[in-house]
Amino acid sequence: MILLTAVIAALLCLGGLAAAWPSQARRLAWSAAAAAVLGAAAASLSVTLADLPAAITLPIGLPGAAFRLSLDPPAAFFLALTYAAGAAMIAFAAASEAAAATATGGARATVSIPICLGFFGLAILGADGLTRGAALIAAATALWASGPADRSAAVLLCVTLLAGAAVIAAAAAPPQARLWAALIGPGALAGLVPPQRWIGPAHREAAQAGTLLAGVAVPVAIYLMLRLLFGTGSIVPPAWWGLPLSLLGAVSAVAGGVDAARAADLDTALAAGTVRQTGLVALGLGIALSARAADLPAVETMALAAVLLLAGMQAIAGTLQALANGAIRDGAGTRQLDRLGGLVHRMPGTTVCLLAALIGLAALPPGVGFAAAWLLVHALIGLPHAATLPSQLLRCALIATLGLASALAAAGLLRLTGMACLGRPRTPRAAVAREPPRPARLVLAALAVAATAAGVLAGPLLILFGDAPMRTLSGTGVRPLASWLGIAAGAESPGYAPLPVTGLLLLTAALVLWLRRLTVPSSIVSGPAWEDGFAAPPAWLPFGDPVTQTAGSGFVPEFARCLDPDSMGVVQAADRRGVAPQGAYGVPVSDARGVPAPDLCTSPAPDADGTRARDGSGTPAHDPSGVGSAGTRLPWPGPGRGRPAAVFLAAGSAVGFSRGGGVRPGSAPALVLILLAALLILCSWIGAA
Amino acid sequence: MTGAAAILAQLLHTALVVAVAPVVLGLRRWIEARLSGRAGPPPWQPWSDLRRLIRKQPVLAENAALMSRTTPVACLAASALAVALVPSFALGMAFAPLADLLVILGLLAVGRIALALVSLEAGTAQAGVMAGRGAALAGLAEPALYLAILALGLLGGTTNLDLLIGTQLQGMLQPLGAAVLALGALALVALAGPGSAGLTTELSGADLALVEFAASLRELVWLDLLIGLLLPLGMAEPGGGPAAWIAGLFAWGIKVVVVTAGLAGLRRVAGDIPPAQRPRALGVAAILGALAALLALASAVAA
């Protein structure tokens with residue numbers, strides 16, 4: 001405890017010294033990184049030790065209200081995450097600054113990150129609302145002072161100040177107000193909708209701070225939400241608390257996923273991905289609260305374990321993605337996807353690290369994200385069977401949202417990796433990109449190893465580090481359902497075992513590689529891409545014809561475009577004008593030559609001879625009639641019939657959920673009604689052709 | 001079943017499905033050809049194709065690097081593991097504790113994403129378009145899959161495929177309507193979901209063989225999954241010995257042939273689902289999954 005307090009003091013001092021002595025900033029930054037590593041190690045050791053909670057009162061503070069610090073298992077868990085992420089950030093900033101003066105805000109980063117990290121650590125260690133809020137406000141001020149004073153920085157400052165104020169106010173407010181304090185304060189800081197619209201750009205624009213926000217501020221905000229919602233002591237949270245949290249979480253997860261899958265630059269994708277993760281966290285918190293209200297400790301434990309895994313994933317994989325973004329920004333000179341491409345040749349290490357981060361964040365086995373998604377699905381399955389139909393519909397909607405969010409994460413992975421790192425360079429600058437210096441590469445590699453190992457060892461990690469925090473938070477003696485091999489939903493169900501799955505996957509891959517070696521010579525023969533028989537590009541296009549590969553702004557999953565009203569408007573406006581939105585090089589946003597951006601919401605209209613044109617003559621960009629090919633828009637999931645139906649279902653769910661459980665005799669007619677409605681929607685979809 | 005027997009069954013099953021997957025694909029093509037009045041290639045034609053391809057030197061695209069060398073292997077490994085996890089003729093095999101439905105579907109997703117990464121690496125037109133389309137279809141397919149998994153998880157109390165099939169074998173996956181709806185959703189996703197079409201244009205030789213082999217394995221995963229959950233008749237129960245395995249093998253062979261013939265007939269009559277209709281089919285799958293989950297929830301309350 002005293003060591004951790006000393007680490008915070010050391011971080012603050014080192015940051016201050018670096019501000020005073022810019023010439024020594026780098027050396028001081030390495031000491032700060034070492035201090036943070038020490039703090040992370042101490043915190044992670046103290047999670048497993050039994051002498052918690054410990055408390056300390058600082059000799060400073062407001063008159064009559066001294067700052068009190070205390071360390072219990074959840075605080076130690078989040079402190080370890082925060083310090084580990086912070087140490088990586090400081091080390092990376094110091095290493096890139098050492099090599100290149102072009103590192104964006106490098107000098108500033110070595111000053112601001114230790115100071116902010118110190119204050120964020122204080123916010124976790126704080127024993128009461130006043131200390132936590134004050135530390136958060138101090139961190140916000142430090143963050144603001146270190147960055148350029150523009151609008152997004154001001155938004156960020158306001159949100160963080162609001163979060164601090166909410167945390168302070170919640171300490172004095174009645175327990176019933178804590179939910180709203182959690183949503184308005186830390187929830188907004190972490191990026192829950194609705195304020196996500198303003199937070200997103202702030203995350204993106206705050207150049208160096210974006211890294212801090214993604215890797216450190218979001219776990220801190222998650223911790224504060226946990227404290228506000230689960231730290232009510234003997235008071236059982238009301239049953240309805242789970243509803244707004246899960247709904248907001250579901251909406252945030254999808255909104256963030258959609259934004260991440262159509263972001264134009266790396267940092268927007270990072271910020272939107274953070275929103276998606278926060279949404280999943282809020283969904284898990286909502287499920288945990290509902291389970292606690294229904295007295296189902298096993299389900300509550302599963303949801304809390306998912307929250308802890310998601311927080312850890314955000315701290316490690318989110319930081320890794322942010323740092324890889326930084327490496328690309330420094331090495332290739334831009335963060336616009338439209339100006340990147342082909343980085344795998346020049347920056348193979350960074351590419352692999354970015355891929356590791358994205359796999360960790362997406363719900364793909366054996367990543368951490370998959371373990372979290374698995375736990376969330378099983379928590380949803382294990383929730384009590386409410387009798388009201390709308391609450392059942394709500395559960396269906398939540399699980400469908402979970403599926404959609406995981407698909408969006410996978411699409412975002414494909415898009416970021418595919419556009420930035422694979423394919424051909426889209427600009428000469430991207431063709432001469434450089435890897436970051438060796439120390440920075442080592443930091444990235446360490447984080448990538450940690451992110452991968454966290455997925456494979458989800459079970460042991462939950463036992464070692466998740467057990468004590470979950471017992472403290474849930475206040476019950478139920479052991480979490482993790483084993484050394486993996487995680488399980490119940491005693492009779494085997495569950496998910498990432499360790500054997502990974503082992504088998506590696507074994508199979510090795511076998512396949514060996515068989516391939518037997519038959520194929522190991523020498524590599526390469527030739528021009530087949531490209532469906534197109535001729536080789538002319539000599540003045542050394543990187544190939546840019547319009548024959550997917551545009552950097554392309555590869556937006558069509559359903560993401562359909563779900564978003566803004567881009568719907570763009571498509572429809574382009575539809576009416578008969579022109580396409582402009583992309584890089586002033587070429588239409590088409591994915592390829594002669595193949596306009598496919599739009600699954602608009603089926604190609606039959607040509608005069610009744611055949612469907614293969615070259616997409618029915619898609620908006622090439623619609624010669626200019627009337628938007630009336631009648632060819634598919635109802636799923638376009639705005640036509642799908643959206644009112646969805647609104648109807650969502651409203652019904654909300655009403656039913658608020659009425660609470662209990663078998664009502666009148667629910668049979670409602671069931672019939674809903675089934676009829678669903679059948680009607682089904683028939684209308686089928687008959688729409 | 002003792003440990004040794006479980007391992008033996010697992011080895012037998014793995015060898016069987018790996019050997020049979022291309023033949024099942026060839027069988028479907030042969031029946032389709034016969035039904036449309038052509039002689040058609042023999043059912044083992046895919047094996048001949050694979051043998052021919054694997055002897056060829058792969059030629060990589062000029063700008064292909066890391067991904068093109070590693071991801072075909074990853075794609076095949078994920079698909080092979082998925083097909084090894086889905087039980088065919090016996091329950092209670094060595095990998096049964098790992099055979100979670102979410103894991104199996106996740107492995108299929110890993111295979112799909114690996115393939116999409118290869119196609120994006122070449123930086124060509126068609127492959128990029130097809131990868132984007134696959135991502136879009138996956139976005140519509142995943143909600144349906146999760147809904148079906150919710151329904152099956154509520155009915156069987158677990159998402160472990162082995163236990164679910166065991167429950168169905170005893171006729172305990174009740175109400176049957178919910179199970180059938182959920183399986184309908186899975187089947188629709190299998191038919192209309194993202195495939196590997198158009199993603200392999202830049203692969204050649206042994207790499208192409210790996211990816212095509214993986215595609216046939218994925219098809220068998222879906223077939224085994226649906227057959228097991230819908231018609232587990234004749235499968236050897238966890239304690240069964242070699243006699244039960246042989247009976248299970250026969251039953252599995254008959255079921256696979258019948259279902260393949262049925263699929264071929266369906267395709268002959270109704271044709272393939274055209275790309276423009278796939279989102280709609282996946283929407284229908286989501287509705288089926290939601291209805292299944294609602295039915296399962298309602299029955300759980302009534303019970």
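Does A:R292 count as over 26 Å from A:L354 (Cβ atoms), buried (at least 24 other Cβ atoms within 10 Å of the Cβ), of a type outside the set (A, V, I, L, M, F, W, C) and touching a residue at least 60 places away in the same chain (Cβ under 8 Å)? Yes, satisfied. The helices (runs of 4 or more DSSP H) located wholly in the range A:212-293 that include 3 or more residues which are touching a Phe, Trp or Tyr at 6+ places or on another chain (Cβ under 7 Å) occupy A:218-230. Quick one: which residue in B:D49, B:D100 is of a type in the set (D, E) and under 28 Å from B:A264 (Cβ atoms)? That would be B:D49, the only listed residue that is of a type in the set (D, E) and under 28 Å from B:A264 (Cβ atoms). Being among the small types (G, A, S) and in contact with a Pro (Cβ under 9 Å, 6 or more places away or on another chain) is the filter; apply it to the range A:443-474 and report the residue that is modelled with the lowest pLDDT. Filtering the range A:443-474 for residues that are among the small types (G, A, S) and in contact with a Pro (Cβ under 9 Å, 6 or more places away or on another chain), the one modelled with the lowest pLDDT comes out as A:S474. A:A482: touching a residue at least 12 places away in the same chain (Cβ under 8 Å) and more than 14 Å from chain B (Cβ to nearest Cβ), yes or no? Against the criterion (touching a residue at least 12 places away in the same chain (Cβ under 8 Å) and more than 14 Å from chain B (Cβ to nearest Cβ)), A:A482 qualifies. Go through B:V118, B:V86 for me and flag whichever is more than 16 Å from the chain's Cα centre (by Cα), crowded, with 24+ Cβ neighbours inside 10 Å and more than 7 Å from every other protein chain (Cβ to nearest Cβ). Testing whether each residue is more than 16 Å from the chain's Cα centre (by Cα), crowded, with 24+ Cβ neighbours inside 10 Å and more than 7 Å from every other protein chain (Cβ to nearest Cβ) leaves just B:V118. Of B:A285, B:A270, all but one fail to be surrounded by fewer than 22 Cβ atoms within 10 Å (Cβ to Cβ) and within 14 Å of another protein chain (Cβ to nearest Cβ); the exception is B:A270.
Restricting attention to the range A:331-363 and to residues that are hydrophobic (A, V, I, L, M, F, W, C) and out of contact with any Ser or Thr (no Cβ under 9 Å at 6 or more places or on another chain), the residue that is nearest to A:L408 (Cα to Cα) turns out to be A:L361.
Looking at the range A:529-540, is at least one residue part of a loop (DSSP other than H, G, I, E, B), touching a Leu at 6+ places or on another chain (Cβ under 7 Å) and facing chain B (nearest Cβ under 7 Å)? Looking for residues that are part of a loop (DSSP other than H, G, I, E, B), touching a Leu at 6+ places or on another chain (Cβ under 7 Å) and facing chain B (nearest Cβ under 7 Å), one finds none in the range A:529-540, hence no.
The test for being in contact with a Pro (Cβ under 7 Å, 6 or more places away or on another chain), within 14 Å of another protein chain (Cβ to nearest Cβ) and either touching a residue at least 40 places away in the same chain (Cβ under 8 Å) or crowded, with 21+ Cβ neighbours inside 10 Å (or both) does not hold for B:S216. Within the range A:290-301, one or more residues are in contact with a Pro (Cβ under 7 Å, 6 or more places away or on another chain) and β-branched (V, I, T). Scan the range B:105-147 for residues that are modelled with pLDDT of 90 or more and either at positive phi or in contact with a strand residue (DSSP E or B) (Cβ under 9 Å, 6 or more places away or on another chain) (or both) and jot them down. B:G106, the sole residue that qualifies. If you go through the range B:30-77 and pick out every residue that is within 14 Å of chain A (Cβ to nearest Cβ), more than 30 Å from A:L354 (Cβ to Cβ) and assigned to a helix (DSSP H, G or I), you end up with 5.
Would you point out the residue of the range A:252-266, among those that are surrounded by fewer than 24 Cβ atoms within 10 Å (Cβ to Cβ) and within 12 Å of the chain's Cα centre (by Cα), that is modelled with the highest pLDDT? Of everything passing the filter in the range A:252-266, A:V254 is modelled with the highest pLDDT.
For every residue, the table says whether it meets (1) more than 22 Å from A:V449 (Cβ to Cβ); (2) more than 7 Å from every other protein chain (Cβ to nearest Cβ); (3) touching a strand residue (DSSP E or B) at 6+ places or on another chain (Cβ under 7 Å); (4) at pLDDT below 90.
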{"position": "A:H345", "(1), (2), (3), (4)": "yes, no, no, yes"}
{"position": "A:G349", "(1), (2), (3), (4)": "no, yes, no, no"}
{"position": "A:V352", "(1), (2), (3), (4)": "no, yes, no, no"}
{"position": "A:L355", "(1), (2), (3), (4)": "no, yes, no, no"}
{"position": "A:A362", "(1), (2), (3), (4)": "no, yes, no, no"}
{"position": "A:A379", "(1), (2), (3), (4)": "yes, yes, no, no"}
{"position": "A:A397", "(1), (2), (3), (4)": "yes, yes, no, no"}
{"position": "A:L402", "(1), (2), (3), (4)": "yes, no, no, no"}
{"position": "A:M419", "(1), (2), (3), (4)": "yes, yes, no, yes"}
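A:P390 falls short of the stated requirement of being under 18 Å from the mean Cα position of the chain (by Cα), more than 7 Å from chain B (Cβ to nearest Cβ) and at pLDDT below 90. Could you please let me know if A:A410 is facing another protein chain (nearest Cβ under 8 Å), closer than 29 Å to A:A529 by Cβ and in a helix (DSSP H, G or I)? When the stated conditions are applied, A:A410 passes them.
Just one of the numbered conditions (1) away from every other protein chain (no Cβ under 13 Å); (2) surrounded by fewer than 24 Cβ atoms within 10 Å (Cβ to Cβ); (3) aliphatic (A, V, I, L, M) is not true of B:A300: (1). Is it the case that B:L199 is outside any helix (DSSP H, G or I) and closer than 30 Å to A:A255 by Cβ? Yes; evaluated as a whole, the condition is true for this residue.
Residue-level check: of (1) of a type in the set (A, V, I, L, M, F, W, C); (2) surrounded by fewer than 24 Cβ atoms within 10 Å (Cβ to Cβ); (3) at the interface with another protein chain (Cβ under 7 Å from one of its Cβ atoms), B:F95 misses just (3). Please specify each residue of the range A:505-528 satisfying the condition of being more than 7 Å from chain B (Cβ to nearest Cβ) and at pLDDT below 75. Hits for the range A:505-528 are A:S522, A:S523.
The values are calculated or read from the model by the stated rules, or taken from the named source; none is laboratory data. Owing to the predicted nature of the structure, the values given are computational and were not obtained by experimental measurement. As a convention, Cβ positions derive from the backbone with ideal geometry for all residues, glycine included, and neighbour counts pool all protein chains shown.
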